[in-house]
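Working notes, structure below.
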Amino acid sequence: MASSSNLIKVKTTLPQLPFLPNADRKPIQTERLIIRALAQDDLHALHQLRTQPEVMIFTRTGRIDGDLSETQARLDKFLPPTGDIETYNMAVCLAATGEMVGIGGVHNPGACSDEFGWPEIGYQFNREHWGRGYATEFMRAFLESWWAIPRAEAEIEVDLHTVPAGYLLENGGRVPEMLVAVVDAVNMGSSRILQKTGFECYREWKEPDSRAGFEGQDVALVEYAFSSKGMKLDVQ
Ligand SMILES: CC(C)(COP(=O)(O)OP(=O)(O)OC[C@H]1O[C@@H](n2cnc3c(N)ncnc32)[C@H](O)[C@@H]1OP(=O)(O)O)[C@@H](O)C(=O)NCCC(=O)NCCS
């Protein structure tokens, strides 16, 4: 999805990098899930997830992985020696069986290079496990873990729509840190998860659809943000 945003420079915080390497990350246990670091052994489970059309339709390309090597390239982004310490993406497994049912996390915590500036969260769950509340359960635990990471001061360029008018002037150029999510307007399940876990919808727009099979069409997108300090956003 191409950027449709205008950027503005702000003072804020971001997670202190590098993240703990996968080997040192403690799994998070919830009522029904174990949320843990990804590992090479997850390749086949990840491939299964990334070859489900209903799951991949909501990615930027909109298509399933062509072969195992494509999934391996994706997995490598989250594995040592550098992927793990630069990203915060997890495997979501059933506590009862260990089966991996989804993945989720933040893959751009350096933020500045991303189209909206802020760290962006994403998640995908196996079709067979939808509708059981697993994504919501994952998100609640993930958010607690995300905001517990030590912070560092940062000066970055962010989507100006995430900064209410007048806020910068009143606060010396500082804004509370945000975590954002961009959702296809038809993806009601994902929007619902974000609303239930404290994200605010603040902008909707249309842009040319980048997905295979949707050439020449527009896609309607919704951007949500979670403010670390409860700052209220202007709805566009
Ligand atoms: C979106 C996704 C993660 C949801 O996973 P899940 O485990 O089924 O989610 P949960 O069961 O925790 O919650 C889904 C919520 O959305 C609601 N929901 C689902 N489909 C809906 C629809 N079509 N209309 C309205 N609400 C809907 C559910 O009722 C539930 O809300 P509730 O608990 O208040 O009843 C999963 O469908 C998925 O992986 N989709 C493909 C990838 C994707 O879309 N990722 C997000 C990209 S931004």
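Readers should treat all values here as calculations from the given coordinates under stated rules, not as data from a laboratory. Since this is a predicted model, take the numbers as computed values, not measurements. Neighbour counts run over all protein chains shown; Cβ positions are idealised from the backbone, glycine included.
A cut-off of 5 Å between modelled amide H atoms, ignoring neighbours fewer than 5 places along the same chain, links T13 with A154, E177.
With contacts taken as Cα pairs under 8 Å at a separation of at least 6 residues, the chain carries a relative contact order of 25 percent.
Oblate is the label for the range 172-219, because the ratio a/c of its alpha-carbon gyration tensor axes (a ≥ b ≥ c) is 1.5 or higher and a/b is not greater than b/c.
Mean sequence separation of contacting Cα pairs (under 8 Å, at least six apart), scaled by the length of the range 51-145, corresponds to a relative contact order of 19 percent.
Using a Förster radius of 41 Å, what is the FRET efficiency between A165 and L20 based on their Cβ-Cβ separation? Nearest 0.05, please. Once rounded, the FRET efficiency stands at 0.60. Which of rounded, prolate or oblate describes the range 1-106 when judged by the alpha-carbon gyration tensor and an a/c cut-off of 1.5? Since a/c reaches 1.5 but b/c is at least a/b, the shape of the range 1-106 is classed as oblate. Result for the chain in a Gaussian network model with C-alpha springs under 10 Å: among H129, H107, H47, the largest mean-square fluctuation is at H129. Taking every alpha-carbon pair within the chain, the share separated by more than 25 Å comes to 42 percent. Taking the C-alpha atoms only, the angle from helix 134-148 to the longest principal axis of the chain is near 50 degrees.
Once the gyration tensor of the Cα atoms in the range 86-170 is diagonalised, the equivalent ellipsoid follows with semi-axes of 31, 14, 12 Å, ordered largest first.
Subtracting the Cα-Cα distance of A148 and S69 from their residue separation scaled by 0.36 nm leaves 25.0 nm. Each of K9 and S210 was given a label point 7 Å from its Cα along the Cα-to-Cβ line. The distance between the two points is 2.6 nm. Under a Gaussian network description of the chain, with springs only between Cα atoms under 10 Å, the residue in N22, N171, N89 that fluctuates furthest is N171.
Taking 23 Å as the straight-line reach from the Cα of K9, the lysines in range (excluding those fewer than 8 positions away in the same chain) are K229, K232.
Among G104, G189, G117, determine the one that fluctuates most according to a GNM of the chain built with springs between C-alpha atoms less than 10 Å apart. It is G189. Put simply, when 143-150, 118-125, 191-198, 210-217 are sorted by average Cβ atoms within 10 angstrom per residue, most first, you get 118-125, 191-198, 143-150, 210-217. Distance from the Cα centroid of the range 149-216 to that of the range 55-70 is 23 Å (rounded to whole angstrom).
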